[in-house]
1. Hey, among the residues in the stretch 186-241 that are at pLDDT below 90, among the hydrophobic types (A, V, I, L, M, F, W, C) and part of a helix (DSSP H, G or I), which one's nearest to Gly83 (Cα to Cα)?
2. May I ask you to list pairs of residues, at least six apart or on different chains, whose Cβ atoms are under 6 Å apart, with the first in the stretch 38-59 being at positive phi and the second being part of a helix (DSSP H, G or I)?
3. Name the single residue that is surrounded by the fewest Cβ atoms within 10 Å (Cβ to Cβ) among those in the stretch 84-116 being more than 12 Å from the chain's Cα centre (by Cα) and either within 29 Å of Ser245 (Cβ to Cβ) or of a type in the set (D, E, K, R) (or both).
4. List the pairs whose first member sits in the stretch 186-206 and is crowded, with 18+ Cβ neighbours inside 10 Å, whose second member is assigned to a helix (DSSP H, G or I) and not aromatic (Phe, Trp, Tyr), and whose Cβ atoms are under 7 Å apart, counting only residues at least 6 apart or on separate chains?
5. Tell me which residues, restricted to the stretch 138-157, are in contact (Cβ under 8 Å) with a residue 60 or more places away in the chain and charged (D, E, K, R).
6. Condition first: closer than 19 Å to Leu170 by Cβ and touching a Ser or Thr at 6+ places or on another chain (Cβ under 8 Å). Can you find one or more residues in the stretch 121-130 that meet it?
7. State yes or no: is Ile160 out of contact with any His (no Cβ under 6 Å at 6 or more places or on another chain), closer than 26 Å to Gln95 by Cα and either in contact (Cβ under 8 Å) with a residue 24 or more places away in the chain or not hydrophobic (A, V, I, L, M, F, W, C) (or both)?
8. How about the stretch 1-46: which of its residues are surrounded by fewer than 18 Cβ atoms within 10 Å (Cβ to Cβ), hydrophobic (A, V, I, L, M, F, W, C) and either modelled with pLDDT of 95 or more or closer than 29 Å to Pro200 by Cβ (or both)?
Amino acid sequence: MKHLEIKKEGHICWVYLNRPKSLNALNTEILKELTEFNASLKDDLESRVVIYTGTGENFSSGADLKEKREPVTRLEAWRNNFGKPAIWSFLEVDQITIAAINGYCLGGAACIASACDFRIASDDAMLGYPEINLGINLNWLGLPLALRLIGPAKAKKIVIGGENENADTLLKWGFYDEVHSKEQLMKAAEEMAKLYASKPPIAAQMIKRSVNELTYSGDDAIMHMDYDQTLLTHETKDRKEAIKSFFEKRDPEYKGD
């Protein structure tokens, strides 16, 4: 793995997003690696809990806006959606999954966190969905995952409002399960992992699978067009204005076009 650091300790597996110079931004390569690694956990009978976190000061700044891609046809763009399979791969992990969130956790990274079984954050962590500020909708199954954690009104607030929320707020909303100091985050994540790793793995994983089937089974059918909507918004002038103003560090002027 080029952009993932994997460490195994007994029944606990640590997965570090490892692009600290880019705030662990999610480029195509790291999304593919996450999908492949999560699939490989099917053959890992020793790990009972998987903890995902970020190296350096941040969990992840989300999709890598600076990633340079060769021009592709609309058909290629439609087929090459690496984000949604990556998020879905988290839901299919048999082991108990924990997101240990440090620093910024934005956009696609927030989707990753919401796809884990539990979320534990440092008290200075900031999480949000900035997609709307970039002229696009939230895809990667992010909307139903957020909706189930915090309800419709708060989901609309954080996704349409596009503002980052602090750890205390997200703990009150139910997005986070625990919040700890920055210094204690990893220790607290390990303690949480030890609890679930101590349970009989067959029973624990069967319960998890049943809960996920009851909860998420309809998401793909309902949200099959979320990436299609993103491709549509990519063609708008508002999208181009959003990106231009972002790099020019100014307020955008949207015209609904």
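The values are calculated or read from the model by the stated rules, or taken from the named source; none is laboratory data. Please read these numbers as outputs of a predicted model, since none were measured by experiment. Using ideal geometry, Cβ is built from the backbone for each residue, glycine included, and neighbour counts are taken over all protein chains shown.
1. Leu231
2. Going by the 6 Å Cβ cut-off, the qualifying pairs are Gly56/Pro20.
3. Glu92
4. Sorted first by the residue in the stretch 186-206, then by its partner, the pairs are Tyr196/Ala204.
5. Arg148
6. Taking the stretch 121-130 as the starting set, the residues that turn out to be closer than 19 Å to Leu170 by Cβ are 121-130.
Then keep just the ones that are touching a Ser or Thr at 6+ places or on another chain (Cβ under 8 Å); that gives 122-123.
Within the stretch 121-130, one or more residues are closer than 19 Å to Leu170 by Cβ and touching a Ser or Thr at 6+ places or on another chain (Cβ under 8 Å).
7. Values: out of contact with any His (no Cβ under 6 Å at 6 or more places or on another chain): yes; closer than 26 Å to Gln95 by Cα: no; either in contact (Cβ under 8 Å) with a residue 24 or more places away in the chain or not hydrophobic (A, V, I, L, M, F, W, C) (or both): yes.
No: the conditions fail for Ile160.
8. Selection gives Ile6, Ala39, Leu45.
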